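The values are calculated or read from the model by the stated rules, or taken from the named source; none is laboratory data. These numbers come from a predicted model, not from an experiment. A quick note on method: Cβ atoms are made from the backbone with ideal geometry, for glycine too, and the neighbour counts reach across all protein chains shown.
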Amino acid sequence: EHGSSGKQIGKVVAERLGIPFYYKEMTALAAEESGLDREFISDINANSPKILHDLYLSTHVVQQAVAAQDRIIRRIAENGSCVIVGRAADYILRGHPDVVRVFIYAPEEYRIAKVMEVYGDTRAEAEKNIRRSDDARAAYYKSISGSDWGDRRHYDLMVDSSIGAEASAKIVEEYIAGFEKSRKKTHDNMTT
């Protein structure tokens, strides 16, 4: 969710685990892959007016950008462990056996305060920008997956980031450590 510090938490987790972090980097790679402008790809969510989300997201050029992002996300995942933030990567990698899907959220008041702090928005601007961003993300996710963005049934872990970015990152790290231990145990049982 906008204002929940998801990018910051993802970056901390990647740094602590010593693995690559991808957010804006995917945009550059997808632009190179598709031949489309980097800013256009980066702003797919932001550019779609609320009332026209579905129509905008179904246009040929947007679908071309989405397909390029899909290919890049798959290629990144094939190269090994990493943290990918956004772009419906959880859905795109749904068949990959080693994916941990995390959704970062926070109470509205926390998010408003965070957006005001980070972007210098007034309270009214923060509320408007959170609504606009979350609506756009939900529409994008729905157009890619056919599912509701933030639906707990599609994630392995959901973290309320109002406990702070460092504490949230620690929860994610601990979950991943348990996930890896479980995967290793399953693998060891299958080979004995």
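What to note about this one:
- Pick from segment 129-156, criterion out of contact with any Phe, Trp or Tyr (no Cβ under 8 Å at 6 or more places or on another chain) and among the small types (G, A, S), ranking: farthest from K114 (Cα to Cα): G146
To keep it simple, each residue is scored yes or no on (1) modelled with pLDDT under 90; (2) touching a strand residue (DSSP E or B) at 6+ places or on another chain (Cβ under 7 Å).
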| site | (1), (2) |
| --- | --- |
| V61 | yes, no |
| V66 | yes, no |
| R74 | no, no |
| I104 | no, yes |
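- Residues of segment 137-150 classified as under 12 Å from E1 (Cβ atoms) and touching a Lys or Arg at 6+ places or on another chain (Cβ under 9 Å), total: 2
- Residue match in segment 135-148 (condition: crowded, with 19+ Cβ neighbours inside 10 Å, modelled with pLDDT of 95 or more and under 16 Å from the mean Cα position of the chain (by Cα)): no
Okay, residues lined up against (1) in a helix (DSSP H, G or I); (2) closer than 21 Å to A169 by Cβ; (3) touching a Cys at 6+ places or on another chain (Cβ under 8 Å):
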{"site": "V99", "(1), (2), (3)": "no, yes, no"}
{"site": "I104", "(1), (2), (3)": "no, yes, no"}
{"site": "E109", "(1), (2), (3)": "yes, no, no"}
{"site": "I112", "(1), (2), (3)": "yes, no, no"}
{"site": "V115", "(1), (2), (3)": "yes, yes, no"}
{"site": "E125", "(1), (2), (3)": "yes, no, no"}
{"site": "K128", "(1), (2), (3)": "yes, no, no"}
{"site": "R131", "(1), (2), (3)": "yes, no, no"}
{"site": "A138", "(1), (2), (3)": "yes, no, no"}
